[in-house]
Amino acid sequence: MHPTRRRLAPIAAALLAAPSLGHAAGFPDRPIRLIVPWAAGGSTDGQMRVLAEIAGRNLGQPVLVENRPGARGTFAAQVLHGQAKPDGYTIGQIHTGVLSHPFMTRSATWDSVNDFTYLLALTGYLSGLVVRSEARWRDWPALMAEARANPGKLSFGSSGVGGLSHLVMAQLLAAERVEMLHVPYRGVAETTTALLSGQVDAIADSSGWAPHVDAGRMRILAIWGNERPKRFPEAPAISEYGHDIGGIAPYALAGPKGMDPAVVEVLHDAFRRALFDPAHQAALARYDMPTLYMSGEAYRAWVAKRVPVERDLIRSLGITFEAG
C-alpha cells in the first residue's frame, strides 16, 4: 500500500465509525421527561403511556410520563417555553388548546409557531357531546330546545377553558343561539366523573367517555365532525344538524425552542417508530384515535395556518379567562 494511503486508512476508519450527520452522539444517556398536561386515567394519558413505553425501548432510555393537569391543558407548553433546557430531555404534548391560549389572556405567553421545536404530530381526538343514559334528552335538537327555553340553566363540562371541545361547543351554541353554563375540568377523567355524579348535565370532551357509552351509562348526542365514527355508527355527526366544524385536529410532541437538529431527529425517529408500532396502534384503536402523522416541520406549517383560525374564533366568541 502507498505510504500516504496507509496514513489515511485509520482516518477513514474513524470517520466511518463516528456518528453520521443527524445522529446525536451519546443522546440520550438518561431518562426523558414527557409532560402530559391532563389528569391520569384519560384517553391521552392512556395513549401516551403506551407510546412512551415503546419509544423508551427504541431510545434505550425510559420515557417517563409526568401528568400535569390544570391550566387549561397548557402546563407542558409553559414548561417548554419558560423552564426546560433545549437538550431533548424534556418534551411534551402540544394541542389546539395551546394554540388558542395566547388569545384568551392579556399576559405575555408564547408564539405557537416559533417558540417550540416540533418533533412530530401523532393523532387527534374523537370528541362529542355526551349525556347520562337516563337523561331526558334523546338527541341534540331536544337538548338545544330545552336550553333555548331556559338560558343558562343547563350545564356542560369540558377539559378546560379554551380547549378544543370548549371552543367547538361555544361555536355551536352561538350558532344555535343557545346559552349553557360551561364548567371546566382538568381532563376527561374528571368530566366523566362529573357527568356520572350529576354535577353537570352533559360533557363536551374527547372519547374517554367511550367505555361508559359501551356500558350503557352514557349516550352520545353528537360527534364533533362530518362523519359518524366507525365504533359508534348510531351516533350522529354534528354535520347532520347543519353544523360544519371540520375534521379532527392533530396534536404533537414538542420540545423547547432551539433544540439541536440531531437530537430532534433521534427523538422523531424513535417516536415515529413507536407511533406505528402494533401495540400503540391498538391503543389508538381503543381510544378511537386516528393516526395523523406529520413531521415536525409539516406540523409547524399546519400550526401557522391554524393559529389565525383559533384567534378569529376566540375573538368572535369573546372567550377569555381573565376578568375585566
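For the stretch 187-198, check the following and say yes or no: at least one residue is closer than 14 Å to Leu143 by Cβ, open to solvent by less than 40 Å² (accessible area, probe 1.4 Å), assigned to a loop (DSSP other than H, G, I, E, B) and in contact (Cβ under 8 Å) with a residue 40 or more places away in the chain.
Of the stretch 187-198, the ones closer than 14 Å to Leu143 by Cβ are 195.
Cutting the leftovers down to open to solvent by less than 40 Å² (accessible area, probe 1.4 Å) gives us 195.
The next check asks that each one be assigned to a loop (DSSP other than H, G, I, E, B); those that pass are none.
No, there is no match, as no residue in the stretch 187-198 is closer than 14 Å to Leu143 by Cβ, open to solvent by less than 40 Å² (accessible area, probe 1.4 Å), assigned to a loop (DSSP other than H, G, I, E, B) and in contact (Cβ under 8 Å) with a residue 40 or more places away in the chain.
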**Report entry** In the stretch 149-172, the residues that are touching an Asp or Glu at 6+ places or on another chain (Cβ under 7 Å) and either surrounded by fewer than 19 Cβ atoms within 10 Å (Cβ to Cβ) or part of a loop (DSSP other than H, G, I, E, B) (or both)
**Finding:** Pro151, Gly152, Leu154, Ser155, Ser159
Report task. Examine the stretch 1-23 for a residue that is modelled with pLDDT of 80 or more and either under 15 Å from the mean Cα position of the chain (by Cα) or exposed (fewer than 12 other Cβ atoms within 10 Å of the Cβ) (or both), and state whether such a residue exists. Result -> no
Query raised in the report: Which residue out of Gly26, Gly46 is open to solvent by less than 70 Å² (accessible area, probe 1.4 Å), within 20 Å of the chain's Cα centre (by Cα) and modelled with pLDDT under 95?
Result: Gly46
Query raised in the report: If we scan the stretch 119-133, do we find a residue that is in contact (Cβ under 8 Å) with a residue 40 or more places away in the chain, surrounded by fewer than 17 Cβ atoms within 10 Å (Cβ to Cβ) and part of a helix (DSSP H, G or I)?
Result: no
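Matching residues to (1) surrounded by 21 or more Cβ atoms within 10 Å (Cβ to Cβ); (2) part of a helix (DSSP H, G or I); (3) at pLDDT below 95; (4) not hydrophobic (A, V, I, L, M, F, W, C):
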residue	(1), (2), (3), (4)
Leu253	yes, no, no, no
Asp269	no, yes, no, yes
Arg272	no, yes, no, yes
Ala279	no, yes, no, no
Ala282	no, yes, no, no
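In the set Glu234, Glu240, which member is among the acidic types (Asp, Glu), outside any loop (DSSP other than H, G, I, E, B) and open to solvent by 10 Å² or more (accessible area, probe 1.4 Å)?
Working: Glu234 fails: outside any loop (DSSP other than H, G, I, E, B).
After ruling out the rest, the residue left standing is Glu240.
The values are calculated or read from the model by the stated rules, or taken from the named source; none is laboratory data. Predicted, not measured: the structure shown is a model, and the values here were computed from it. When we count neighbours, we look across all protein chains shown, and the Cβ atoms used for this are built from the backbone with ideal geometry, even at glycine. Ligands, DNA and RNA are stripped out before the accessible areas are found, and what is left, the full protein with its side chains, is counted by its heavy atoms. Shrake-Rupley method; radii C 1.70, N 1.55, O 1.52, S 1.80 Å.
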